[in-house]
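The values are calculated or read from the model by the stated rules, or taken from the named source; none is laboratory data. None of these values were measured; they are calculated from a predicted model. Cβ: placed from backbone, ideal geometry, glycine included. Neighbour counts: every protein chain shown. The protein model used for the area step is the full one, side chains on, heavy atoms only, and it has no ligands, DNA or RNA in it. Shrake-Rupley method; radii C 1.70, N 1.55, O 1.52, S 1.80 Å.
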Amino acid sequence: MRIGILTSGGDCAGLNAVIRAIGLYCYKNIQNLEIVGVPDGYGGLIRGDSLRMTEHDFSDILDRGGTVLGTSRQPFKRMTVEENGESRLEKMCENYKKLGLDCLFTLGGAGTHKTAALLSFEGCNVIGLPKTIDNDIYGTDVTFGFQTAVEVVTDSIDRIKTTVASHRRTMLVEIMGNKAGWLTLNSGIAAGADMIIIPEIPFNIDAVCDFISGSRKDKPYNIIAVAEGATLDSEAAFKKSERIFVRTDMGETTVTRHLAEIIGERTGTETRYTVLGYLQRGGTPCAYDRLLCTRLGSFAAHLAKEGRFGVTAAAVGGEITFNALSDIAGKYKLVDPKGATVRSAKDIGISFGIK
Ligand code: F6P
């Protein structure tokens, strides 16, 4: 059996732990095996690149951040567009055959899964694995890399809090997540933020400022956890490019700086903002992720051994299972504004910036 592995989209902690689990399972349980790594995600498959991986390549990478295979973003919408007489999808299918693959593991987020579903539809034997700090892949309770990012963000806010409290400031902490606010929600609660602003709950400026002014009676400083995809309520129905509050052509891709300015002016509190950025994706996976990655990776490899393709591994109710790629591709798992986590945060007085 000849197996390929690729990692695609934004990296996160745990990719190498999954690669290791797949490799070790295969080398211990499958006869006549060859494993190749496809470098740089779908980019490598489009070019037809591969590198042979021996059992030795899978040892000692459990706790290493990033991905030993490299990654790249290959926009889904360009996959079927013809370029010089051939689409990227066609090139990938051709190279899948040229590489003699019997199975390809695709470790990635929502976009990666959409392309994986296309490849599967075209007859390639694909098995997905749910990666992303955004935790927004449909059909799995949790994605790998998410919990590590929650720990990193929580620790960062804990550190920021001591300086904010010393200066009695209001601090906005911008956290990754364009469509989904899971990382902002979970780490905001874990770090004791006063307010959490996520894409799924568009904020109201008056409500944000009133809350900050009101809370100053009880507390001399404030922490606001803001997702990078946070949106003003009056603009939530507009396309991103049409929103005036944040416009790419004005050099702004998120609301954070603008919102900090308004809060400062309207509440009279000294206000600052911090963009946590890529440190959220870096570093070694936490123990929870190492365990999750090992379970997902070995399970996915078992699926390959059994000849079960066109699926993606998932964690549901504490068990590892799988979903058909065709059932989950193109869907997102977003925060439910009426769900239990948001409710419990509201119950203890955390504001979501709404009236
Ligand atoms: O991988 C997910 C993510 O980290 C998002 O939270 C963030 O919006 C995006 O990637 C950043 O993408 P890039 O690495 O292309 O700048």
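Listed values, structure above:
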item: Accessible surface ranking that places the most exposed of Met250, Met171 first, with a 1.4 angstrom probe; result: Met250, Met171
item: Dipole magnitude (debye, nearest 20) for the chain, charges at Cβ of Lys, Arg, Asp, Glu; result: 200 debye
item: The stretch 204-347, dipole about Cα centre (Lys/Arg Cβ +1, Asp/Glu Cβ -1), debye to the nearest 20; result: 400 debye
item: Rounded percent of accessible protein surface that carbon and sulfur make up, the stretch 249-355, 1.4 Å probe; result: 53 percent
item: Label zone at Tyr27, where the point sits 7 Å out along the Cα-to-Cβ direction: the stretch 35-68 residues whose backbone N lies under 15 Å; result: 35-37, 52-63
item: Distance-filtered residues of the stretch 216-253 - backbone nitrogen under 20 Å, label point 7 angstrom along Val275 Cα→Cβ; result: 224-232, 240-253
item: At R0 = 22 Å, FRET efficiency that the Cβ-Cβ distance of Ser166 and Glu252 yields, to 0.05; result: 0.15
item: Within straight-line cross-link reach of Lys28, lysines at Cα separation under 16 Å, skipping those fewer than 8 residues along the same chain; result: Lys305
item: Hits among aspartates and glutamates - C-alpha to C-alpha of Lys333 under 13 Å, sequence gap 8 or more where chains match; result: Asp134, Asp136, Asp141, Glu200
item: Cubic angstrom per residue, convex hull over Cα atoms of the chain; result: 134 Å³
item: Relative contact order %, the chain, counting alpha carbon pairs below 8 Å whose residues are six or more apart; result: 23 percent
item: Shape metrics for the stretch 231-336, restricted to C-alpha atoms - Rg then Dmax, Å; result: 21.1, 64
item: Those chymotrypsin sites (Phe, Trp or Tyr not before Pro) in the stretch 70-146 that DSSP places in a loop and that have at most 10 other beta carbons within 10 Å; result: none
item: Local electrostatic count at Ser187 - Lys and Arg +1, Asp and Glu -1, tallied over other residues with Cβ under 11 Å; result: -3
item: Cα gyration tensor category, rounded, prolate or oblate, for the stretch 147-281 with a/c compared to 1.5; result: oblate
item: Relative contact order for the stretch 147-281, counting Cα pairs under 8 Å that sit 6 or more residues apart, in percent; result: 34 percent
item: Estimated 222 nm signal from helices in the chain, with DSSP H stretches of n ≥ 4 weighted -39500 (n - 2.57), rounded to 500; result: -11000 deg cm²/dmol
item: Where labels lie 7 Å past Cα in the beta-carbon direction, separation of Arg266 and Met1 in nm; result: 5.8 nm
item: Full-extension gain in nm, Arg216 to Lys240, via 0.36 nm per residue minus C-alpha separation; result: 5.3 nm
item: Inter-probe distance in nm under a simple model that places probes 7 Å from Cα toward Cβ, at Glu94 and Ile354; result: 5.0 nm
item: Leu334 accessible area, assembled protein chains, probe 1.4 Å, Å²; result: 80 Å²
item: Solvent-accessible heavy-atom area per residue, rounded to whole Å², over the stretch 147-281 at 1.4 Å; result: 43 Å²
item: Backbone N within the stretch 273-289 under 15 Å of label point (7 Å from Asp141 Cα along the Cβ vector); result: 288-289
item: Residues of the stretch 102-146: accessible area per residue with a 1.4 Å probe, Å²; result: 23 Å²
item: Cα gyration tensor of the stretch 64-144 - equivalent ellipsoid semi-axes, whole Å, descending; result: 23, 14, 13
item: Around Ile350: net Lys/Arg minus Asp/Glu count, Cβ-Cβ under 12 Å; result: 0
item: Pairwise centroid distance, computed over Cα atoms, of the stretch 237-258 with the stretch 1-22, Å; result: 34 Å
item: Qualifying lysines (Cα of each under 16 Å from Cα of Lys91; at least 8 residues distant if same chain); result: Lys77
item: Heavy-atom accessible area ranking, 1.4 Å probe, most first, across Arg47, Arg159, Arg272; result: Arg159, Arg47, Arg272
item: 11 Å beta-carbon shell around Ile5, net charge (K/R +1, D/E -1); result: 0
